[in-house]
Amino acid sequence: METLQSPSRMILRTVSCCLVLLVLYPTQAAQAEDFSLETNESLPEAVGEPLKSVLNPAGVRVLNGQGKTWCEVWVRREIADSGQPASPEAVYPGFHSGVLIGLMRFPDSGADFRGLPVGKGTYTMRYGVIPQDGNHVGAAPIVDFVLLIPLSEDTRAPDAHLTSEELVELSKKASGTHHPTVINLAFPPDSIERPLLEKDDSDHWILSLPLGQESGGQLPLSVIVHGQAAG
């Protein structure tokens, strides 16, 4: 199994489709840890059709400083431009509300960046946007995000169109609370050829993956696999 190491002191200057992800062990010791990547050539056994056909089985495993699995990530083989932006302010106008982006698996229970509980297990990632009303303006640098949904609860088609209300109801099952498990996105870099794991100047460990597009080319996707949202 190939191990992919990130540059030890590299600072990520441009962040693509940046997902503010789970802090599984939010301690001072964990914040100082180094992380590395390992290839994973198979999807979880629980993944069936139609997801199995659209997900790339070549995922990655993020390892913490003790060599234990922190999380695993798989993305789609390719994704189409729907031509139906979820919001006029969307940074990713090719993604419609509810489209499947990928899959994440966590070996241990944790919490999202707001402190909401997330149990160990496998989750789908579906795209949505932050409502631009008085309660949410300025909540994140961009309006784009993904929501985690327990794999066993996600029976919708990969390219399903889901309203914000439908996404929230599904994602509440990830936290077991009245709130969804939301992962923020950010601006993408120009391109990426292989998985990368780098630490930015906010001490976020960022996993960047190439996501194929049906029209040709690739869209970089970057996930903060360790770190908390500012403020």
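Residue count for segment 50-66 under the criterion of being aliphatic (A, V, I, L, M) and under 15 Å from the mean Cα position of the chain (by Cα): the result is 3.
Within segment 172-195, the set of residues being of a type in the set (S, T, N, Q) and either surrounded by 14 or more Cβ atoms within 10 Å (Cβ to Cβ) or touching a Leu at 6+ places or on another chain (Cβ under 7 Å) (or both) comprises SER175, THR177, THR181, ASN184.
Scanning segment 41-62 for residues that are farther than 21 Å from GLY119 by Cβ and assigned to a strand (DSSP E or B) gives LEU55, VAL60. Annotation: SER53 fulfils all but one of (1) at pLDDT below 90; (2) closer than 24 Å to GLN213 by Cα; the unmet one is (1).
Counting just the residues of segment 196-208 that are in contact with a strand residue (DSSP E or B) (Cβ under 7 Å, 6 or more places away or on another chain) and in a loop (DSSP other than H, G, I, E, B), which one comes out surrounded by the fewest Cβ atoms within 10 Å (Cβ to Cβ)?
Looking at residues that are in contact with a strand residue (DSSP E or B) (Cβ under 7 Å, 6 or more places away or on another chain) and in a loop (DSSP other than H, G, I, E, B), I get ASP201.
Under the condition of being in contact (Cβ under 8 Å) with a residue 60 or more places away in the chain and outside any strand (DSSP E or B), which residue from segment 65-93 is surrounded by the most Cβ atoms within 10 Å (Cβ to Cβ)? Result: TYR92.
Here the condition is being charged (D, E, K, R), surrounded by fewer than 19 Cβ atoms within 10 Å (Cβ to Cβ), at pLDDT 90 or above and touching a helix residue (DSSP H, G or I) at 6+ places or on another chain (Cβ under 6 Å); of GLU165, GLU153, GLU169, it holds for GLU153 alone.
The values are calculated or read from the model by the stated rules, or taken from the named source; none is laboratory data. Predicted model, so just to flag it, every value in this text is computed and none were measured. Heads up, the Cβs are rebuilt from the backbone with ideal geometry, glycines too, and the neighbour counts pull from every protein chain shown.
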